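Engineer: The structure under discussion is supplied below as structure tokens; questions concerning it will follow.
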Amino acid sequence: MAQFFMIHPENPQARLIREAVKILREGGVIVYPTDSCYALGCMLGDKAALERILDIRGLDLKQRMMTLVCHDLSELANYAKVDNSQYRALKSTTPGSYTFILQATREVPRRTLHPKRATIGLRVPDHKVALALLEELGEPILSCTLMLPGDAEPLSDPYEIRERLEHAVDAVVDGGWCGTEPTTVIDMTDGVELVRQGKGPLAPFGL
């Protein structure tokens, strides 16, 4: 049965953050809040946990759209190939409700990449609980939006999440209401292309 952590959205309790991160490090799958909506997350190199997330989402490896959620831009160079113009665009819009599609480096396991393009989604969330988890973990969380098969929008009520997923995940991090609108997805592998319009405004990209 999943553990349930009620964490203050503005002043996250360090003890509870440590407990949630311990679950991640031990191979667990967690639900945690972001600045757009709740997400499923696991350690980057954990194949079994990734397969559990895909099963929860009702996806196979060909349908996957996983994102590396990072604490700040200093982590990006380890996982994505970013030129100077791309970096300036990222710096001006992070943290925020954007997912950026970028060419992945060899540090990213192939099973987490787009199956044909060797790209990965990266983002830096503007949410204190998510950032506290990332700071404690010391590396990105491999994540995807908490959208269950057959649902019209992501789950947003932590108590409903616990009720529906208490036997499928290892922890639910309740960080309060964070909405149901997903991130805006920008493909930056060849110029700037809008993939999905979400919560993040388009003006900074001239779109």
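Engineer: Could you count how many Lys pairs in the stretch 3-205 have their Cα atoms under 23 Å apart, skipping same-chain pairs fewer than 8 positions apart?
Structural biologist: The number of close lysine pairs in the stretch 3-205 is 11.
Engineer: Which whole-Hz couplings ³J(HN,Hα) result when phi for each residue of the stretch 27-37 is put into the Karplus expression 6.51 cos²θ - 1.76 cosθ + 1.60, θ = phi - 60°, listed in order with x for Gly and Pro?
Structural biologist: Along the stretch 27-37, the couplings run x, x, 10, 10, 10, 9, x, 10, 7, 10, 6 Hz.
Engineer: OK, next. What ranking do 80-86, 24-30, 37-43, 128-134 get when scored by the average of other Cβ atoms within 10 Å per residue, highest first? If you can, show how the numbers build up before the last one.
Structural biologist: Numbers: 80-86: 14.9, 24-30: 18.7, 37-43: 25.9, 128-134: 24.0.
For the peptides 80-86, 24-30, 37-43, 128-134, the packing ranking is 37-43, 128-134, 24-30, 80-86.
Engineer: May I ask you to compute the full-extension gain from residue 78 to residue 203, defined as 0.36 nm times their residue separation minus their alpha-carbon distance, rounded to one decimal in nm? Can you show the working numbers first?
Structural biologist: Numbers: separation 125, 0.36 × 125 = 45.00 nm, distance 2.81 nm.
Between residue 78 and residue 203, full extension yields an extra 42.2 nm.
Engineer: Give a residue-ordered list of calculated ³J(HN,Hα) values for the stretch 141-154 (Karplus: 6.51 cos²θ - 1.76 cosθ + 1.60, θ = phi - 60°; whole Hz; x for Gly, Pro).
Structural biologist: 9, 6, 9, 8, 4, 7, 10, 8, x, x, 7, 8, 8, x
Engineer: Accessible area of residue 87, 1.4 Å probe, to the nearest 10 Å²?
Structural biologist: 100 Å²
Engineer: To the nearest 10 degrees, how steep is helix 84-93 against the longest Cα principal axis of the chain, on a 0 to 90 scale?
Structural biologist: Between the helix axis and the principal axis of the chain, the angle is about 40 degrees.
Engineer: Can you send over the carbon and sulfur percentage of the accessible area for the stretch 9-91, probe radius 1.4 Å, protein chains only? Before the final figure, lay out each step's value.
Structural biologist: Working: 1900 of 3960 Å².
Using a 1.4 Å probe with all protein chains present, the stretch 9-91 comes out at 48 percent carbon and sulfur.
Engineer: Name the most mobile residue of 155, 194, 54, meaning the one with the largest mean-square fluctuation, in a Gaussian network model of the chain with Cα contacts below 10 Å.
Structural biologist: For the chain, modelled as a Gaussian network with Cα springs under 10 Å, the answer is 194.
Engineer: Please compute the per residue accessible area over the chain with all protein chains in place, 1.4 Å probe, rounded to a whole number of Å². Intermediate values should be presented prior to the final figure.
Structural biologist: Numbers: 9880 Å² over 207 residues.
Accessible area per residue, the chain: 48 Å².
Engineer: Please compute the contact order of the stretch 3-205 in relative form: average sequence separation of alpha-carbon pairs under 8 Å and at least six residues apart, divided by the residue count, as a percent.
Structural biologist: Details: 417 pairs, mean separation 67.4, N = 203.
Relative CO of the stretch 3-205 lands at 33 percent.
Engineer: Helix-derived [θ] at 222 nm for the chain: sum -39500 (n - 2.57) over DSSP H runs of at least 4, divide by residue count, nearest 500? Please list the in-between numbers first.
Structural biologist: Numbers: 6 runs with 55 residues, N = 207.
Calculated mean residue ellipticity at 222 nm is -7500 deg cm²/dmol.
Engineer: Distance from a point 7 Å along Cα→Cβ of residue 55 to each backbone N in the stretch 16-36: keep the residues under 20 Å and list them by number.
Structural biologist: Backbone N within reach: 23-32.
Engineer: Which angle from 0 to 90°, rounded to the nearest 10, does the C-alpha axis of helix 128-137 make with the longest principal axis of the chain?
Structural biologist: On a 0 to 90 degree scale, this one is about 90.
Engineer: Just for the Cα atoms in the stretch 69-168, what are the lengths along the principal axes, largest first, rounded to whole Å?
Structural biologist: For the stretch 69-168, the Cα extents along the three principal axes come out at 45, 32, 25 Å.
Engineer: Which residues among the stretch 92-108 fall inside the zone where the amide N is under 20 Å from a point 7 Å beyond the Cα of residue 194, along Cα→Cβ?
Structural biologist: 92-94, 96-102
Engineer: If I fit a long axis through the Cα atoms of helix 47-57 and take the longest principal axis of the Cα atoms of the chain, what angle between them do I get, 0 to 90°, rounded to 10?
Structural biologist: Once rounded, one gets 80 degrees.
Engineer: Express in nm, to one decimal, how much length is gained between residue 22 and residue 87 on full extension, taking 0.36 nm for each residue of separation and deducting their alpha carbon distance. List each step's numbers first, then the result.
Structural biologist: Values: separation 65, 0.36 × 65 = 23.40 nm, distance 3.18 nm.
Here the answer is 20.2 nm.
Engineer: Looking at the chain, send over the antiparallel percent of its DSSP beta bridges, to the nearest 5. Write out the running numbers ahead of the final one.
Structural biologist: Details: 19 of 32 bridges.
If we restrict to bridges inside the chain, about 60 percent are antiparallel.
Engineer: Tell me which residues come under 5 Å, amide H to amide H, from residue 174 once H is placed; ignore anything under 5 positions away on its chain.
Structural biologist: Placed amide hydrogens put 5, 6, 7 under 5 Å from residue 174.
Engineer: Of 71, 127, 167, which is the most mobile in a GNM of the chain whose springs link Cα atoms less than 10 angstrom apart?
Structural biologist: It is 167.
Engineer: Within the set of other residues whose C-beta is less than 10 Å from the C-beta of residue 100, count the net charge using Lys and Arg as +1 and Asp and Glu as -1. Working shown, then result.
Structural biologist: Details: positive: 123; negative: 187.
Summing Lys/Arg as +1 and Asp/Glu as -1 gives 0.
Engineer: Which percent of the Cα-Cα distances in the stretch 3-205 go past 31 Å?
Structural biologist: So the portion of pairs separated by more than 31 Å is 11 percent.
Engineer: Using the alpha-carbon centroid of each, what span in Å lies between the stretch 14-39 and the stretch 170-196?
Structural biologist: 17 Å
The values are calculated or read from the model by the stated rules, or taken from the named source; none is laboratory data. All of these numbers come straight from a predicted model, not from anything done at the bench. Methodologically, a virtual Cβ is constructed for each residue, glycine included, from the backbone with ideal geometry; neighbour enumeration extends over all protein chains shown. What goes into the accessible areas is simple: the full protein's heavy atoms, side chains included, and nothing from ligands, DNA or RNA. Shrake-Rupley method; radii C 1.70, N 1.55, O 1.52, S 1.80 Å.
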